[in-house]
Amino acid sequence: MRQGRAWPASTARYPGTTSARAEPGLTEADEVTATADGIRVVRSINASRITQVLTLTEGSRRLDIDTVIDWRECEKILKVAFPLDVRAAESSAEIPFGHVRRPTHTNTSWDSARFEICAHRYLHLGEPGWGAALVNDSSYGHDVTRDVRPDGGTTTTARISLLRAPLFPDPDSVRGEHRLRYALVLGADVQDAVREGYHFNLPERAVPGSAVVDPLVRVDGEGVVIEAVKLADDRSGDVVVRLYESAGGRARTTLSAGFSLAAARITDTLERPLNDEPTLSCASTDLALSLRPFQILTVRLTPMA
């Protein structure tokens, strides 16, 4: 038995879905209806059924696509394609605590062999002055290709790999129903991609009550992201904040706590003080920090007794 092969997927009309062996792609819909949640689009291929709900809230540049797939295929890969009228020389794909840039061209054999790349919460494509981002909550395989229109203009198509159907090691490994969510953000730079990637994966939660509660910690400015907030493992009552610079440039920020500070120190990831890092000078609740490109910083805050 041989493993499922990733056949080249053709470009579909935005935001259509493509099937790996379907040419020119699943551009036709079985049903298109308006619902209270958005536009519902149903497509089918053989015994499989794909249902998408497209939602664009008022004032938003993010088109959310909620996809439910009843997958019954064998040795096929399903991708969703987003053709963009943008000349992107490279893509920016999120990795833990940063992103990596990769060329979109196939000038060398190394570039040609890179038929799929990994991105976590977002993939950004842009040209000077304009860009777009794909964000998702569960699909990490992507591919990016460039095409030339008849008028000579360059376009870029980004695809997300949704499902595949290999025979080995389990021919029934992905058969059944799957729910996948992803979104297209227009007019986005890398910082917009970072923000929307977090919002898409960690949406705001509403809780009952009328009290106004200040955040436990926050940072100002662009580029610095708070990744985690927790109590120290030694049960001292200290608050540990892990943050990082997300844009790939140097950044200055003010870390503000919702409580008065007695002391603050930079620690390693195991929350141990670093010998070469002095105790940080802090105001009653504010702490000034400087970060290098993609630097990960762990700060231990001691509340005022």
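The values are calculated or read from the model by the stated rules, or taken from the named source; none is laboratory data. Quick caveat, the model's predicted, so the values are computed rather than measured. Please note: Cβ atoms are built from the backbone with ideal geometry, for glycine as well, and neighbour counts cover all protein chains shown. Side chains included, ligands, DNA and RNA excluded: accessible areas come from the protein's heavy atoms. Shrake-Rupley method; radii C 1.70, N 1.55, O 1.52, S 1.80 Å.
The table below lists the values:
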item	result
Subset of the range 258-270 (residues that are open to solvent by 40 Å² or more (accessible area, probe 1.4 Å) and part of a strand (DSSP E or B))	262, 265
Within the range 55-83, considering residues that are among the aliphatic types (A, V, I, L, M) and more than 30 Å from residue 172 (Cβ to Cβ), the one surrounded by the fewest Cβ atoms within 10 Å (Cβ to Cβ)	56
Flag for residue 290 being open to solvent by 60 Å² or more (accessible area, probe 1.4 Å), modelled with pLDDT of 85 or more, of a type in the set (Ser, Thr, Tyr) and within 33 Å of the chain's Cα centre (by Cα)	yes
Subset of the range 144-162 (residues that are buried (at least 20 other Cβ atoms within 10 Å of the Cβ) and not basic (Lys, Arg))	144, 156, 157, 158, 160, 162
Selection status of residue 127, open to solvent by 50 Å² or more (accessible area, probe 1.4 Å), under 29 Å from residue 46 (Cβ atoms), within 21 Å of the chain's Cα centre (by Cα) and among the acidic types (Asp, Glu)	no
Residue in the range 111-121 that is over 25 Å from residue 66 (Cβ atoms) and β-branched (Val, Ile, Thr) present	no
Conditions (1) modelled with pLDDT of 95 or more; (2) more than 25 Å from the chain's Cα centre (by Cα): number failed by residue 61	(2)
The range 202-218, subset under 26 Å from residue 270 (Cα atoms) and not in a strand (DSSP E or B), residue most open to solvent (accessible area, probe 1.4 Å)	202
Residue list for the range 73-105, filter: of a type in the set (Val, Ile, Thr) and closer than 30 Å to residue 228 by Cβ	95, 100
All positions within the range 219-257 that are assigned to a strand (DSSP E or B), surrounded by 12 or more Cβ atoms within 10 Å (Cβ to Cβ) and among the small types (Gly, Ala, Ser)	251, 256, 257
Residues of the range 271-305 that turn out to be over 28 Å from residue 101 (Cβ atoms), outside any strand (DSSP E or B) and touching a residue at least 24 places away in the same chain (Cβ under 8 Å), as a count	5
